[in-house]
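The structure appears below as structure tokens.
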Amino acid sequence: MNHQIKADLHLHFDGSLPMEEAWKLVEKTGCNHENFIKSMQVDQNCHSLYDYLARFDTPLKLLQTEENLYKMAYALIKELDSQKLAYAEIRFAPMQHIKSGLSQRQVVKIMCQARKDAMLTSKIHVNYILCMMVLGEEKLTHDLNVETIQLAHEFSDQGIVAIDLAGAEGMAPMQDFQGLFQMAKELGLRYTIHAGESYGPENIAKAIEFGAERIGHGTSAIKDPHVMKLLKEKKIPLEICVTSNVNCEVVDQYESHPIRQYIDAGIIVLICTDNMTISNTNLECEYEKLMRYCSITAKEIEECQLNAIRYSFAEPLLKEQLINHK
Ligand SMILES: [Zn+2]
């Protein structure tokens with residue numbers, strides 16, 4: 001498959017660092033190469049959320065300086081360009097990169113600089129989504145989340161196209177985040193929300209009520225016909241990441257993923273990687289697995305690819321250009 005337009009709308013920066021470029025940042029420290037790879041990537045048969053989440057430790061340790069953030073963002077954009085993606089929305093949570101003294105503003109600024117520089121010599125167009133985080137009760141991250149919203153607004157002319165809510169779904173009720181999305185809406189921000197991944201379909205319904213234009217995962221929608229109907233009628237796409245769902249025990253195996261039922265029910269699905277490095281995947285691998293295990297046809301994949309452009313947060317003119325030049 002190489003004639004279609006490839007776009008990834010659900011791709012976390014920290015879980016997708018190009019391995020060899022990341023290794024360059026640590027090799028001088030005497031770290032063992034094999035151990036380094038194991039600390040960044042799960043086994044291909046991984047069925048453990050615990051093992052999966054542990055793979056964020058190493059990248060997050062690395063991503064605490066402007067220099068490393070710049071190098072890795074630049075390298076990731078180049079990697080996606082070399083995979084011949086036409087468009088990507090890379091997401092990151094600025095608050096995850098402030099442990100060594102950077103401010104969220106410094107993080108966003110250097111990431112935008114890397115994007116600008118990498119795009120100068122690339123075919124791909126990249127935009128960013130800023131993630132707010134759930135790390136426990138809402139009040140734990142409230143002030144940092146407010147700052148993330150304000151930065152998304154401030155940097156909206158530098159490639160920040162939307163916000164998201166990521167982290168430990170279910171550790172706090174979705175309802176508690178309504179005020180933050182209200183604030184985002186008042187600033188004219190657009191958003192996608194992680195919902196129905198490690199929690200039930202009621203979170204998807206809430207996210208739709210808050211005004212989410214897309215849903216991250218939405219794997220549990222299948223459990224509630226009302227939510228299925230809402231997704232279809234409101235044309236709210238699900239950002240589907242099958243390998244990640246298997247690795248994190250959201251589904252038992254590829255064959256039991258509900259993507260087939262979603263397509264049959266007329267729900268728009270987008271094929272995404274979530275964390276390329278942790279899951280050792282890329283868009284081509286995701287397409288292949290969907291065809292092999294989930295009875296998705298090549299034609300349906302093409303439709304998903306077009307939908308990824310149609311339902312992206314890119315400007316209408318860029319969408320038109322991307323679709324016409326495929
Ligand atoms: Zn995600």
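Holding the Cα-Cα limit at 29 Å, pick out from 123/234; 123/229; 6/232; 71/99 the pairs that are longer than that.
Working: 123/234 33 Å; 123/229 38 Å; 6/232 23 Å; 71/99 18 Å.
Pairs exceeding the cut-off: 123/234; 123/229.
Just need the relative contact order of the chain here, percent rounded to a whole number, with Cα pairs under 8 Å and 6+ apart. Before the final figure, lay out the partial values.
Working: 573 pairs, mean separation 66.6, N = 326.
Averaging sequence separation for qualifying contacts and normalising by length gives 20 percent for the chain.
The length gained by stretching the chain between residue 146 and residue 224 to full extension, at 0.36 nm per residue less their Cα-Cα distance, is 24.9 nm.
What FRET efficiency, computed as 1/(1 + (r/R0)^6) with R0 = 30 Å and r the Cβ-Cβ distance, is obtained for residue 29 and residue 284, rounded to the nearest 0.05? Spell out each step's value before the answer.
On the way: r = 33 Å, r/R0 = 1.10.
Taking R0 as 30 Å, the efficiency between residue 29 and residue 284 is 0.35.
Bridging of residue 61 to aspartates and glutamates at a Cα separation below 20 Å is possible for 14, 20, 21, 27, 34, 51, 274, once same-chain residues fewer than 8 apart are set aside. What share of Cα pairs, in percent, lie more than 31 angstrom apart in the chain? So the pairs more than 31 Å apart make up 25 percent of the total in the chain.
Using Cβ point charges alone (K and R +1, D and E -1), the dipole size of the chain about the Cα centre works out to roughly 620 debye.
Across segment 166-180, coupling constants 3J(HN,Hα) worked out from phi with the 6.51/-1.76/1.60 Karplus curve, θ = phi - 60°, read 10, x, 8, 4, x, 6, 9, x, 3, 3, 5, 9, 4, x, 5 Hz, and Gly and Pro carry x. Find which of 278, 208, 174 sits farthest along the positive direction of the dipole of segment 171-311, computed with +1 on the beta-carbon of Lys and Arg, -1 on that of Asp and Glu, about the Cα centre. So the residue we want is 208. For residue 302 and residue 64, a Förster radius of 41 Å and the Cβ-Cβ distance give a FRET efficiency of 0.50, rounded to the nearest 0.05. Counting only Cα atoms, segment 49-117 measures 32, 31, 16 Å along its principal axes, largest extent leading. For segment 92-229, how big is the tail of P(r) above 21 Å, as a whole percent of Cα pairs? Summing the P(r) tail past 21 Å for segment 92-229 gives 43 percent.
Any read-out appearing in this document is the output of simple, stated calculations on the displayed coordinates, not a laboratory observation. Please read all numbers here as calculations on a predicted model, not as lab measurements. In this analysis, Cβ positions are derived from the backbone assuming ideal geometry, glycine residues included, and neighbour counts consider all displayed protein chains.
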